[in-house]
2 protein chains.
Amino acid sequence: MAGNAEAPDTVCPVARSLDVVGDRWTVLVLREMFMGAVRFEEIQIQTQATPQMLTTRLKSLEASGMIERHPYSEKPLRHEYRLTEKGRAFYPVIYALRGWGETWFKDESEEVAVRFVHRECGHDVGLGTVCPECGVQVERKDLDATMSDQFAAERAERRAAFKAPAKTAVLGAGSGFTGDGFITNGN
Amino acid sequence: MAGNAEAPDTVCPVARSLDVVGDRWTVLVLREMFMGAVRFEEIQIQTQATPQMLTTRLKSLEASGMIERHPYSEKPLRHEYRLTEKGRAFYPVIYALRGWGETWFKDESEEVAVRFVHRECGHDVGLGTVCPECGVQVERKDLDATMSDQFAAERAERRAAFKAPAKTAVLGAGSGFTGDGFITNGN
């Protein structure tokens, strides 16, 4: 196992997982990739990580086999980042963090940030993993996601701030930012 | 929300959760409390955190409402730590980390560290949240846990190392260590 020098040798799967993902920035990067982001700038914009922080996390995620780099441009050479099977398998952890966060860190004025609807029956699955209408267990692939207006606005603001004139030269042509991957906004 | 100075304001429930639990030691402390530990020394022994690190995490977990302190001795005043409802609600995240870790960080010589059996039907639920025998969704309260010999041995070793003669004076009387709370070993 890729070791963390601080971690004791243990068969505990929770401790072993935390050796790889026991850092909030790493989990934020994964969240963003599950939102559909594949390029450095997209991930940077929405996680608000510095380029250095993001570079470290992407290297570490690549070293632990959770993401892979694929070239999308030859001149200049640029890469996209894609989740591997091991990376995609981390989704239940993100989903559980989402359920806990929606339950304990929201006030009444705030909507659920991303609603998941069971594609087959059209019912909102709430925060659980079983469709309340059909009674069947659902996975991410069975669900359609819709972002709340508030979350969509917050993300658009971060994007606009990044693309403001002062930063145009940094972003340059071919940054290929395409917005929120596979999640639609309700409007 | 209890803010992390680095975190952007966001309605994302994953980011908000990570403000509180986005640190591997915090999650290890919670894992240990879900194993049944309630006292400082027990948590320290099994997480291998230094007293300073553990004190910081316990204070932060208390501040965020995930654990509460209860006195168990008046003279000297000593406290136990117990999960609140908000703390207990974090269990699905630990369970998801376990499932991912068992799948991706184990070789063939290693057993599942903790087996969960559906109490009602006696079948092993594996790494999922639906009993493969009954087809019903199960929660922690529906499951009996049994530790593998390897995991039990590793935990006993850590305990023995902590209680070795050189440390007796530190641990002293009344440390109240009672072993692995609500999990039984298979033997």
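The values are calculated or read from the model by the stated rules, or taken from the named source; none is laboratory data. Everything numeric here is computed off the predicted structure, so don't read it as measured data. Counting neighbours? That spans all protein chains shown, and the Cβs are built from the backbone with ideal geometry, glycine included. Areas reflect the complete protein model, heavy atoms only, side chains present, ligands, DNA and RNA absent. Shrake-Rupley method; radii C 1.70, N 1.55, O 1.52, S 1.80 Å.
What shape does segment B:35-140 take by its C-alpha gyration tensor, where a ≥ b ≥ c are the square roots of the eigenvalues and a/c under 1.5 counts as rounded, a/b above b/c as prolate, and the rest as oblate? Since a/c reaches 1.5 and a/b is larger than b/c, the shape of segment B:35-140 is classed as prolate.
Once amide H atoms are built 1.01 Å from N in the peptide plane, which residues 5 or more positions from B:Val138, or in another chain, come under 5 Å H to H? Counting only residues 5 or more places away or on other chains, the set is B:Val130, B:Cys131. Among the residues of B:18-28, the average count of other protein chain beta-carbon atoms within 10 Å of the residue beta-carbon is 6. Whole-Hz Karplus values for segment A:158-163 come out as 5, 5, 5, 4, 5, 8 Hz, taken residue by residue from phi with 6.51 cos²θ - 1.76 cosθ + 1.60 and θ = phi - 60°; glycine and proline positions read x.
In this structure A:Asp23 has an accessible area near 40 Å², from a 1.4 Å probe over the protein heavy atoms. With equal scatterers on the alpha carbons only and no solvent term, can you work out the Debye log10 of I(q)/I(0) for segment B:13-88 at 0.12, 0.17, 0.24 1/Å? With one equal scatterer per Cα and no solvent, log10 I(q)/I(0) is -0.30, -0.61, -1.17.
Distances between copies of A:Pro71, taken at a point 7 Å out from Cα along the Cα→Cβ vector and listed shortest first: 7.0 nm. Scanning residues 5 or more positions from B:His79 or on other chains, those with amide H under 5 Å from its amide H are B:Tyr72, with H placed 1.01 Å from N in the peptide plane.
Evaluate E = 1/(1 + (r/R0)^6) for A:Arg88 and A:Ala161, where r is the Cβ-Cβ distance and R0 equals 30 Å; express this FRET efficiency to the nearest 0.05.
Working from the Cβ atoms, E equals 0.50.
The mean number of Cβ atoms from other chains found within 10 Å of a Cβ in peptide A:59-69 is 0, as a whole number.
Here's the list of lysines a cross-link from A:Lys75 could span, going by alpha-carbon distance under 25 Å and ignoring same-chain residues fewer than 8 apart: A:Lys59, A:Lys163, A:Lys167. Loop-located GluC sites (Glu not before Pro) across segment B:31-91 with a Cβ neighbour count of 14 or fewer within 10 Å are B:Glu74, with loop assigned by DSSP.
Summarising the label geometry, the points placed 7 Å from Cα in the beta-carbon direction at B:Glu120 and B:Glu62 lie 3.9 nm from one another. Scanning residues 5 or more positions from B:Ala37 or on other chains, those with amide H under 5 Å from its amide H are B:Gly181, with H placed 1.01 Å from N in the peptide plane. Rolling a 1.4 Å probe across all protein chains gives B:Cys12 an accessible area of roughly 0 Å².
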